[in-house]
Amino acid sequence: MNGHSTLPLPVQVKERIQESADIFTLRLQYPDLAGDQRYEFAPGQFNMLYLHGVGEVAISIVSDPQDERLFDHTIRAVGRVTRGMSQLKEGDWVGVRGPFGVGWPLAEAEGKDVVIITGGLGCAPVVAVINYIFRRRERFGQVTIMQGVKHRDDLIWRERYDQWAQQPDTTVALAADNPEQDQSLFSGNVVQLFDRVDLQPDNAVAMLCGPEIMMKYAIEALMQRGFPDTRLWVSMERNMQCGNGLCGHCQMGPLFVCRDGPVFRYDRIAEWFFRKGF
Amino acid sequence: MSADQSRFLPRSSFQDFIDVLSATGREVLAPVARDGALVFDRVENATDLPRGMRDIQSPGSYRLEQTDSPRLFAWANGPQALKPMTFAPEEVLWQVIRDDSGLHFEPQASALPPTAVIGVRGCDLAALQLQKAHFLQDGAADPAFQRRLDKLFIVAVDCSHPADTCFCASTGDGPDAGPGHDIALTELDEGFLLRAGSPPGQKIIDSLALPPATTAQLQAAAESSRVASEAQTRKLPATNLRDALFARQDHPHWEAIAERCLACGNCTAVCPTCFCSAYEPKPSLDGAESEQVRLWDSCFSFEHSNLHGHPVRDDIRLRYRQWLTHKLGGWHDQYGRSGCTGCGRCISWCPVGIDLTGEVASLLEETA
């Protein structure tokens with residue numbers, strides 16, 4: 001086992017960005033590792049972030065693995081630990097265990113169209129993917145990004161979506177249940193955006209992240225349009241405390257979401273997906 | 001080890017066996033009767049062991065009864081399996097100190113005494129193999145588990161007196177002690193047959209300079225095993241129940257169980273294979289230092305499946321279903337076999353006497 005999956009590494013907060021009223025990003029300095037080792041991760045993986053004396057919480061890594069200076073965690077202040085973390089300032093220290101889990105199927109997506117469907121802060125784990133794709137734009141086909149939020153104010157990273165929309169062969173479709181006069185947002189949910197985008201299933205992969213009910217309807221819509229379940233990938237969330245598949249909390253049927261996921265090919269979790277109690 | 005390697009230790013020499021184990025610098029643990037149950041505790045004398053004690057177990061009930069038998073192991077089990085000795089109920093994983101230069105994390109490194117434990121049953125040895133599969137995965141061995149396991153010397157005892165709640169014969173994990181021990185004993189009226197399961201175990205046996213077991217003694221041991229198997233009336237189906245149980249997610253019997261289940265978590269605490277744990281910080285009063293503690297957790301607790309402040313399994317039906325479908329179903333995918341070794345503890349220590357063998361039978365019955 002690598003040493004930093006059981007014992008946290010101290011890392012310093014270099015920057016803190018308030019993204020919305022309750023969403024913030026911590027930009028962290030890479031930890032010092034022994035010898036020539038480098039702290040490496042793949043888009044879709046997560047860390048256990050530790051706030052001193054308060055506890056740990058599983059948070060996905062949103063930055064590009066090739067950013068050499070800092071790595072980023074975007075966090076919504078909802079629980080005891082994340083509310084505490086929202087008080088962190090530049091220069092403060094946190095602990096990091098990880099990275100954990102299986103990320104997005106980037107090698108498999110090469111040479112294909114990519115459809116990215118997210119809801120709420122579900123966009124965080126795929127922002128790293130989107131950045132990854134645009135840094136290697138020629139390796140991918142048509143890119144379609146569909147993002148839905150409840151309220152206009154929850155739509156963080158607006159300027160990034162605007163930049164992505166300018167890229168060649170790229171469609172960005174944004175929806176808000178409550179768009180508050182913002183004409184650029186579709187008034188409705190992300191699944192209703194399917195009528196506004198042109199998806200070709202023959203050579204495409206879809207990556208989904210967000211509330212399970214959103215993913216359920218998006219998967220149905222994708223399959224109706226001819227996407228096979230083997231080319232749909234979903235990022236799951238469960239209670240994660242250890243990250244190593246040991247503590248048992250994140251089990252979904254026989255799967256340990258922290259270790260076997262959090263990104264799963266849909267056909268491999270379909271038996272448990274959106275089944276109450278799993 | 002083949003049976004013909006067995007050595008005979010007369011009953012009157014059992015003290016020598018304890019002494020030899022102690023002389024290797026190990027703390028010796030053995031079953032003792034305490035608070036109305038058999039528990040592992042430190043022993044120095046053969047007289048500390050529960051001579052003539054029987055355990056009378058039934059759903060929701062555990063009683064000890066003193067008999068005139070000279071035997072030390074004429075019982076099935078107590079509430080405590082081997083599990084706490086490798087997967088501690090409370091384990092400090094690491095400490096952290098905060099100072100002006102940042103956070104400093106240190107792994108748990110306190111010294112553990114080498115320990116020999118006498119009286120481990122086949123069901124609990126099989127459970128240890130399952131716990132090893134879980135905690136010592138390739139490239140991801142849990143340091144705390146490994147540290148404790150490395151210090152443990154296991155003396156198993158073939159089970160000659162299964163309780164009414166036992167069903168290890170049907171799961172294939174008893175009544176004899178399978179692999180994973182250092183020494184295994186078979187208790188006969190006149191004494192014990194010893195067989196080695198590891199080089200350190202062989203060394204201990206050699207140091208006692210015992211005579212080989214006689215053919216009659218080996219026959220008596222085989223007979224005892226046969227009787228202990230046949231005495232078991234409870235059983236689980238020998239087939240892989242994974243698909244059958246997951247196909248019955250919506251079976252009405254889950255609700256019938258939930259009406260009785262208190263979600264107390266006793267079954268998970270006494271289960272020798274349950275592995276769930278919670279991670280909690282224990283900060284010092286001044287906040288400068290903190291420990292990260294791992295505590296046993298239970299899938300019956302309301303918070304176990306918490307996600308954004310609301311549990312995935314918010315009623316007892318779903319929590320019992322999670323426990324049983326994982327134990328007898330999910331384990332097959334995870335570790336290649338069922339997670340039940342037939343010890344029967346979850347039956348005896350359930351305050352309302354829920355019997356998983358009976359519940360499985362009800363779930364498998366075709367519904368009208």
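The relative contact order of region B:242-364 comes to 33 percent, based on Cα pairs under 8 Å that sit 6 or more residues apart.
Below 8 Å between Cα atoms, with a sequence gap of 6+, how large is the relative contact order for region B:114-188 in percent? Once divided by the residue count of region B:114-188, the mean separation gives 44 percent. Do any of A:K89/A:K150; B:K132/B:K327; A:K89/B:K282; A:K150/B:K282 go past 26 Å between their Cα atoms, and which? Too far apart for the 26 Å limit: A:K89/A:K150; A:K150/B:K282.
For the protein assembly as shown, the Cα-based Rg and Dmax, in that order, read 28.4, 93 Å.
Put simply, the convex hull of the Cα atoms in region A:192-233 casts, on average, a shadow of 2.8 nm². With the crude spin-label approximation of a point 7 Å out along Cα→Cβ, what separation in nm comes out for B:H308 versus A:V78? The modelled label-to-label distance comes out at 0.4 nm.
Rank B:L188, B:L38, B:L285 by mean-square fluctuation in a GNM of chain B with C-alpha springs under 10 angstrom and give only the top-ranked residue. Maximum among the listed residues: B:L285.
Bridging of A:K216 to lysines at a Cα separation below 16 Å is possible for A:K276, once same-chain residues fewer than 8 apart are set aside. Computed across region A:30-169, the Kirkwood hydrodynamic radius from all distinct Cα-Cα pairs reaches 16.5 Å. Within region A:106-269, antiparallel bridges make up roughly 15 percent of the DSSP beta bridges whose residues both belong there. Bridges between two residues of the protein assembly as shown, per DSSP, are antiparallel at a rate of about 70%.
Over its Cα atoms, what ratio of radius of gyration to 2.2 N^0.38 Å does region A:106-269 give? All intermediate terms of the calculation are to be shown ahead of the outcome.
Numbers: Rg = 15.8 Å, N = 164, 2.2 N^0.38 = 15.3 Å.
With N residues counted in region A:106-269, Rg over 2.2 N^0.38 Å equals 1.03.
Dipole of the protein assembly as shown computed with +1 at Lys/Arg Cβ and -1 at Asp/Glu Cβ about the Cα centre; of B:L285, A:P201, A:L33, farthest Cα towards the positive end is A:P201. Need the C-alpha centroid separation for region B:250-287 versus region A:1-73, integer Å. Taking the Cα centre of region A:1-73 as reference, the centre of region B:250-287 is 31 Å away. Restricting the calculation to alpha carbons of chain A gives Rg and Dmax of 18.2, 55 angstrom.
Comparing A:G95, A:G226, A:G141 in a Gaussian network model of chain A, where Cα atoms under 10 Å apart are tied by springs, the biggest mean-square fluctuation is seen for A:G226. Extending 7 Å from the Cα toward the beta-carbon at both B:S58 and B:Q129 defines two label points whose distance is 3.4 nm. Remark: the protein assembly as shown carries a charge dipole of roughly 340 debye about the Cα centre, counting +1 on each Lys and Arg Cβ and -1 on each Asp and Glu Cβ. Take the Cα of B:S284, step 7 Å toward its Cβ, do the same at B:S69, and the gap between the two points is 5.3 nm. Here's the picture: a label point sits 7 Å out from the Cα of B:A231 along the beta-carbon direction, and within region B:116-149 the residues with their amide nitrogen under 20 Å of it are B:119-126. Under a Cβ-Cβ cut-off of 11 Å, what is the net charge of the residues other than A:R152 that fall near it, where Lys and Arg count +1 and Asp and Glu count -1? Summing Lys/Arg as +1 and Asp/Glu as -1 gives -3.
Within 10 Å of each Cβ of A:248-261, how many other protein chain Cβ atoms are there on average? Walk me through the numbers before you get to the answer.
Working: counts 13, 12, 3, 9, 3, 9, 11, 3, 2, 0, 0, 2, 2, 0.
The shielding value for this peptide is 5.
Distances between placed amide hydrogens fall under 5 Å for A:Q142 paired with A:D113, A:V114, all partners being 5 or more residues away or on another chain.
When the inverse distances between all different Cα atoms of chain B are averaged and flipped, the Kirkwood radius reads 22.0 angstrom.
Only Cα pairs within less than 10 Å get springs; with that Gaussian network setup on chain A, which residue of A:P254, A:P65, A:P228 has the largest fluctuation? Evaluated over chain A, the most mobile residue of the options is A:P254. Put a plus charge on the Cβ of each Lys and Arg, a minus charge on the Cβ of each Asp and Glu, and nothing anywhere else: the dipole of chain B about its Cα centre is then about 500 debye. Helix screen, chain B: DSSP H segments with Cα axial length of 15 Å or more and mean Kyte-Doolittle hydropathy at least -0.5 are B:122-135, B:215-230. Inter-chain neighbour count for A:236-247: the average number of beta-carbon atoms from partner chains within 10 Å of each residue's beta-carbon is 5. With the contact rule set at Cα under 8 Å and sequence spacing of 6 or more, what percent relative contact order holds for chain B? Once divided by the residue count of chain B, the mean separation gives 22 percent.
All of the numbers you see were taken from the coordinates with simple rules; none came from a lab. Quantities reported herein were computed from a predicted structural model and do not represent experimental measurements. Glycine gets a Cβ as well: all are built from the backbone with ideal geometry, and neighbour counts include every protein chain shown.
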